[in-house]
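Have a look at the structure below before the remarks.
The values are calculated or read from the model by the stated rules, or taken from the named source; none is laboratory data. Being a predicted model, the structure only gives us computed values, none of them experimental. Here the Cβ positions follow ideal geometry from the backbone for every residue, glycine too, while neighbour counts run over all protein chains shown.
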Amino acid sequence: MENELPLDFPLEEDDIRRVRAPLEQSWSLPPAAYTDQRIFSLEKQSIFARDWLCVARTDQLAKTGDYLSIDLLDQPVVVVRGRDGELRALSRVCVHRAMPVVEGSGNATRFVCPYHHWTYELDGALRSAPMMDGLIDFDTSACRLPELRLEVWNGFVFVNRDADAAPLAPQLEGLARLIENYDFDNLVTAATTEFDSPWNWKILVENFMEAYHHIGPHKNTFEPVFPARESSVEDNAGAPWAFLRMPGKPHETDQEIPGVFPGLSGAEQHQLLAMNVYPTLLFAASPSGGVWYQVEPRTKDAMNLKIHYLLPAEIAESLDENARNAIIGEVRAIHTEDIEVNEGPWRGLQAGLTRQGRLSRFEKAIWQLNQLWLDRLAPDSSPS
Ligand code: FES
Ligand SMILES: [Fe+2]
């Protein structure tokens with residue numbers, strides 16, 4: 001198929017061809033994909049306003065009235081469990097004069113806008129609006145906070161701004177089969193730590209999804225246990241996910257704390273896995289628990305990262321302060337090793353002589369992510 005790119009599209013056709021090539025011949029995204037403001041504007045329209053974005057775990061919204069605010073770039077959203085037990089995602093912008101009606105997280109019986117005290121039910125319906133008598137054609141039943149699509153998958157809460165988006169779960173059937181022995185539904189958030197991440201979101205996502213760099217920043221941590229050379233990436237047939245398997249050396253990993261997933265196969269009892277649900281869900285699991293990297297892009301130059309350590313509820317509840325701090329310490333130590341290889345490429349991508357680079361066989365998930373990215377930003381470039 002002929003490429004039909006908009007005239008001011010910042011990537012060259014040759015750049016795209018190199019990304020579209022089969023893995024053994026393929027190249028990374030060009031620097032402009034990370035640094036150009038026009039690209040980020042396109043990502044806002046073609047990815048962040050249309051794809052399924054993970055915003056919470058169900059255990060963070062367990063009870064009626066539990067809510068959590070999140071900004072999907074310029075769209076303030078609140079996710080809330082209603083009186084009927086259902087989770088909903090609502091725009092949290094007041095339909096009067098656009099004040100966000102709530103911030104942060106907590107438990108509410110209803111949302112009261114701080115500006116003029118219009119009051120909303122947990123399902124977004126307007127309950128009352130003070131001093132609005134004497135108006136003509138003011139229909140309170142037509143005033144409600146707009147609702148976004150919401151879907152729960154393996155305990156992850158996804159929302160989508162596109163009312164016409166295809167449901168998520170059927171798109172993840174291939175991934176679901178790969179993790180069927182794990183009981184991710186049953187995990188709760190045991191500890192959370194946060195990082196400002198002043199670089200483009202794709203740098204972190206790509207780094208998370210390859211084990212090639214175990215020989216670099218993780219040479220003394222992951223590499224002796226989960227060697228880069230043993231890692232492999234599952235075929236995704238173009239579906240919006242990636243799955244990285246990192247088999248462990250059995251003699252090194254026999255000493256794991258007893259596993260928390262009773263159904264694992266022998267090989268799974270010694271493996272680390274990492275997965276992406278495109279674009280931003282990042283999740284890693286070992287036999288001893290899971291780690292969710294909550295990625296929130298802010299601008300082309302910055303994202304926020306929260307790292308949540310997930311465990312079965314009965315174990316999470318038994319942790320004391322010391323155990324929690326130890327978990328956070330471990331998570332931060334590993335991420336600190338990764339920060340160096342996020343910051344460095346971010347600096348390098350802005351250098352005038354930087355060009356696309358060749359991908360290794362061990363970066364197959366990056367190749368997959370790049371195809372998904374082009375499917376959205378340059379759909380006419382898909383190989384025919
Ligand atoms: S802006 Fe919310 S009540 Fe006026
Ligand atoms: Fe890493």
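Somewhere in the stretch 260-268, is a residue of a type in the set (S, T, N, Q) and part of a loop (DSSP other than H, G, I, E, B)? Taking every residue of the stretch 260-268 in turn, at least one turns out to be of a type in the set (S, T, N, Q) and part of a loop (DSSP other than H, G, I, E, B). Residue count for the stretch 182-197 satisfying the condition of being closer than 19 Å to Val152 by Cα and out of contact with any helix residue (DSSP H, G or I) (no Cβ under 9 Å at 6 or more places or on another chain): 2.
Consider Gly216 carefully, then state whether it is under 23 Å from Val152 (Cα atoms) and surrounded by fewer than 15 Cβ atoms within 10 Å (Cβ to Cβ). No. Look at Thr64 and say whether it is free of Cβ contacts under 8 Å to residues at least 24 places away in the same chain and surrounded by 14 or more Cβ atoms within 10 Å (Cβ to Cβ). Here the answer is no, as Thr64 does not meet what is asked.
Here Asp235, Asp254 are screened, and the one residue that is more than 16 Å from ligand 2 (Cβ to nearest atom), at pLDDT 95 or above, surrounded by fewer than 17 Cβ atoms within 10 Å (Cβ to Cβ) and at negative phi is Asp235. Restricting attention to the stretch 85-129 and to residues that are without any contact (Cβ under 8 Å) to a residue 24 or more places away in the chain and at positive phi, the residue that is nearest to the chain's Cα centre (by Cα) turns out to be Gly85. Picking from residues in the stretch 104-113 that are surrounded by 12 or more Cβ atoms within 10 Å (Cβ to Cβ) and closer than 13 Å to Asp66 by Cα, the one that is farthest from ligand 2 (Cβ to nearest atom) is Arg110.
Whether a residue is assigned to a loop (DSSP other than H, G, I, E, B) and closer than 30 Å to Trp292 by Cβ was assessed, and Leu122 passes this test. Just one of the numbered conditions (1) surrounded by fewer than 20 Cβ atoms within 10 Å (Cβ to Cβ); (2) among the aliphatic types (A, V, I, L, M); (3) under 28 Å from Val159 (Cβ atoms) is not true of Ala267: (3). For the structure I just gave you, tell me whether Glu210 is in contact (Cβ under 8 Å) with a residue 24 or more places away in the chain, of a type in the set (D, E, K, R), assigned to a loop (DSSP other than H, G, I, E, B) and surrounded by 19 or more Cβ atoms within 10 Å (Cβ to Cβ). Yes: the conditions hold for Glu210.
Let's see how each residue does on (1) at pLDDT 95 or above; (2) among the hydrophobic types (A, V, I, L, M, F, W, C); (3) within 21 Å of the chain's Cα centre (by Cα):
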{"position": "Pro6", "(1), (2), (3)": "no, no, no"}
{"position": "Ile39", "(1), (2), (3)": "yes, yes, yes"}
{"position": "Tyr67", "(1), (2), (3)": "yes, no, yes"}
{"position": "Leu73", "(1), (2), (3)": "yes, yes, yes"}
{"position": "Val77", "(1), (2), (3)": "yes, yes, yes"}
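For first residues located in the stretch 185-197 and crowded, with 19+ Cβ neighbours inside 10 Å, partners that are of a type in the set (S, T, N, Q) and not in a helix (DSSP H, G or I) and lie 6+ apart or on another chain with Cβ distances below 9 Å form the pairs Leu187/Asn154; Ser197/Asn304. Cβ-Cβ distances below 9 Å connect the following pairs, each with a first residue in the stretch 309-328 that is under 22 Å from Pro262 (Cα atoms), a second residue that is of a type in the set (Phe, Trp, Tyr), and a separation of six or more residues or different chains: Tyr309/Trp292; Leu310/Phe184; Leu310/Phe283; Leu310/Trp292; Pro312/Phe261; Ala316/Tyr309; Ile327/Tyr309. For first residues located in the stretch 130-150 and β-branched (Val, Ile, Thr), partners that are surrounded by 10 or more Cβ atoms within 10 Å (Cβ to Cβ) and lie 6+ apart or on another chain with Cβ distances below 9 Å form the pairs Thr140/Ala125; Thr140/Leu126; Thr140/Arg127; Thr140/Ser128; Thr140/Ala129; Thr140/Met132. Scanning the stretch 160-218 for residues that are more than 28 Å from Val78 (Cβ to Cβ) and among the small types (Gly, Ala, Ser) yields Gly174, Ala176, Ala211, Gly216.
Residues in the stretch 306-330 that are touching a Ser or Thr at 6+ places or on another chain (Cβ under 6 Å) and either part of a helix (DSSP H, G or I) or within 13 Å of ligand 2 (Cβ to nearest atom) (or both): Ile307, Ile328. Here Glu340, Glu363, Glu321, Glu317 are screened, and the one residue that is surrounded by 13 or more Cβ atoms within 10 Å (Cβ to Cβ) and not basic (Lys, Arg) is Glu363.
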